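One structure is given below, encoded as structure tokens.
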Amino acid sequence: MLETPLATDVLHPPRSGRPQRGGSLRIAFLSYRSDPRVGGQGVYLFQAARALAARGHKVDILSGPPYPDVPGDVELVKIPSLDLYAQPHNGHLSLRPKHLLSWTDLAEYFGHLSGKFMEPYTFGRRAARYLKAHASDYDVVIDNQSLCYGLLDAKRAGLPVVGVIHHPIRRDLELALDAEPSRKIRWLIRRWYSFLKMQEHVAPRLDRVIVVSKSAGRDVAKYLNIAPERMTAIPIGVDQNVFRPQPDLRRRDRRLLTTASADVPLKGLGVLIQAYADLLPAYPDLELVVIGKLKPDGPTGKLLNSLGLADRVSFISDLTGEEMAEQYARATVCVTPSLYEGFGLPAAEAMSCASPVVVTDGGALPEVVGEAGVVVRRGDPQALATAIAQLLDDPAKRTTLSEASRRRAREVFSWDRAAAAYETVLEDAVISAC
């Protein structure tokens, strides 16, 4: 039910009086769902908006539900949706007579009912309506990977648009299809990812694009047809006041920690669980703690039951940043087993807490950890188990990695440095649009 994309020609002349370099920008920061407790996108949004505001810019977050936490010097503009995933019966009984008056509501409801993920598209329509009415209030738009048709409408209203792309979502689709043998389920997966056609149309038409790593930039250029010279790689920052070493907390001798924001093949949690099963005979007291929610009938739940590990692996969720930092500080080794990451925020957070880290070679993870972590082949439980065992048996090596992790985190994952780089990209977009 995705409609024909809007034309990208600027129909109105640029507004006069826009700030030049060094001035304060009025920024509309768009994110279609943004609760930091349901994924790293919300964490990123909060910290990026706060860092830009700290540099003197006026930042409004435009978000659909679930809504984000908002820093004190940032305004939240709520863009309501039907929020069907949060409704009883998965939203299937949510249609009301008033919704019949709105094409956007109908598209969201019937698209969802037929198995499509409609939120980026419908958020874009609603956000574009708001931006059209308030175009004079902003100098530039930042989009947090909705890549919706509504961004082209914002361009028509004379607003330059900078996209932040964490990684091309088509990689998620490819990995999901590779892991699913059922033809029926593969068809449903393709249907859910039908929004990719929209994203792949919109992305090349944005004014500027920020990617979160050089690795992500290469994939974005390949999958989204964006010229490399129009992209800028800026590593994500980490709140070093929250994610920091805590020497007063004792690290456990046998605890693995990982983060899984979604029960999908991309995150590689099944690979880590298989490695954990291989390690238990030699390390019977070894713990595995997962920051994330377990769906008992999902792939992870089924794997745990098949291995007899349902009572051995702990899942914790809805943690504050401080609580997550405490978990990192208590872990023996933090593991990011993802098959692909455009960046890998959990690894950067763990490093900021001076935790030894083991990651795969999936996407940008080797770029994130540099020489401060152990890198293994993605999708290989045996390689992962071997690397973990070597660290469990070598406290001195863990100490060396811990110190290297913290040094690298302080040098690379600075939000002030990232915000300064964002500022340059935003100014370029504004000046080019004038």
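Can you compute 3J(HN,Hα) from phi for each residue in segment 141-158, using the Karplus curve 6.51 cos²θ - 1.76 cosθ + 1.60 with θ = phi - 60°, rounded to whole Hz and x for Gly and Pro?
Ordered by residue, 3J(HN,Hα) equals 10, 10, 10, 8, 6, 7, 6, 9, 4, x, 5, 5, 5, 4, 4, 5, 7, x Hz.
From the phi of every residue in segment 393-401, what ³J(HN,Hα) in whole Hz does the Karplus formula 6.51 cos²θ - 1.76 cosθ + 1.60 yield, where θ is phi - 60° and glycine or proline is x?
3J(HN,Hα) across segment 393-401, in whole Hz: 8, 9, x, 5, 5, 4, 5, 4, 5.
Points 7 angstrom from Cα along the Cβ direction at Leu76 and Trp192: gap in nanometres?
About 2.7 nm, to one decimal.
So who's got an amide H within less than 5 Å of the one on Asp143, skipping anything under 5 residues away but keeping other chains? H placed 1.01 Å off N, in plane.
Close amide H contacts, sequence-distant or interchain: Leu30, Val162, Gly163, Val164.
Give the cross-link partners of Lys295 among the aspartates and glutamates, using a straight C-alpha distance below 18 Å as the criterion and excluding same-chain residues fewer than 8 apart.
Glu180, Asp263, Asp311, Asp318
Check Leu288: other-chain or 5+ apart residues with amide H under 5 Å from its amide H, H built from backbone geometry?
Leu256, Ser314
Here is the link list: Lys184/Lys293; Lys78/Lys132; Lys116/Lys197; Lys267/Lys293; Lys267/Lys302. Which ones come out longer than 19 Å on Cα distance?
Values: Lys184/Lys293 26 Å; Lys78/Lys132 16 Å; Lys116/Lys197 12 Å; Lys267/Lys293 13 Å; Lys267/Lys302 16 Å.
Among Lys184/Lys293; Lys78/Lys132; Lys116/Lys197; Lys267/Lys293; Lys267/Lys302, the Cα-Cα distance tops 19 Å for Lys184/Lys293.
So what does log10 I(q)/I(0) come out to for the chain at q = 0.09, 0.13, 0.14 Å⁻¹, using the Debye formula with one equal point on every Cα and no solvent?
-0.58, -1.18, -1.34
Tell me which residues come under 5 Å, amide H to amide H, from Leu339 once H is placed; ignore anything under 5 positions away on its chain.
So Leu339 has HN proximity to Lys267, Gly268.
Taking the Cβ-Cβ separation of Arg377 and Ala282 as r and a Förster radius of 25 Å, what is the calculated FRET efficiency to the nearest 0.05?
0.75
Nearest 10 degrees, 0 to 90: what angle lies between the long axis of helix 321-330 and the longest principal axis of the chain (Cα atoms)?
Helix 321-330 sits roughly 20 degrees off the main axis of the chain.
Principal axis extents for segment 255-412, Cα atoms only, whole Å, descending order, please.
42, 31, 27
Please list, in order along segment 90-104, the HN-Hα scalar couplings obtained from phi with the Karplus expression 6.51 cos²θ - 1.76 cosθ + 1.60 (θ = phi - 60°), rounded to whole Hz, x for Gly and Pro.
Along segment 90-104, the couplings run 6, x, 5, 10, 8, 5, 10, x, 4, 5, 5, 8, 10, 4, 5 Hz.
Choose one of Leu272, Ile316, Tyr328: the residue whose Cα lies farthest towards the positive end of the charge dipole of segment 255-412 (beta-carbon charges +1 Lys, Arg; -1 Asp, Glu; about the Cα centre).
Comparing the listed Cα positions along the dipole, Leu272 ranks first.
Read-outs: derived from the displayed coordinates by stated rules, not from any lab. Bear in mind the structure is a predicted one, so any value in this text is a computation, not a measurement. Methodologically, a virtual Cβ is constructed for each residue, glycine included, from the backbone with ideal geometry; neighbour enumeration extends over all protein chains shown.
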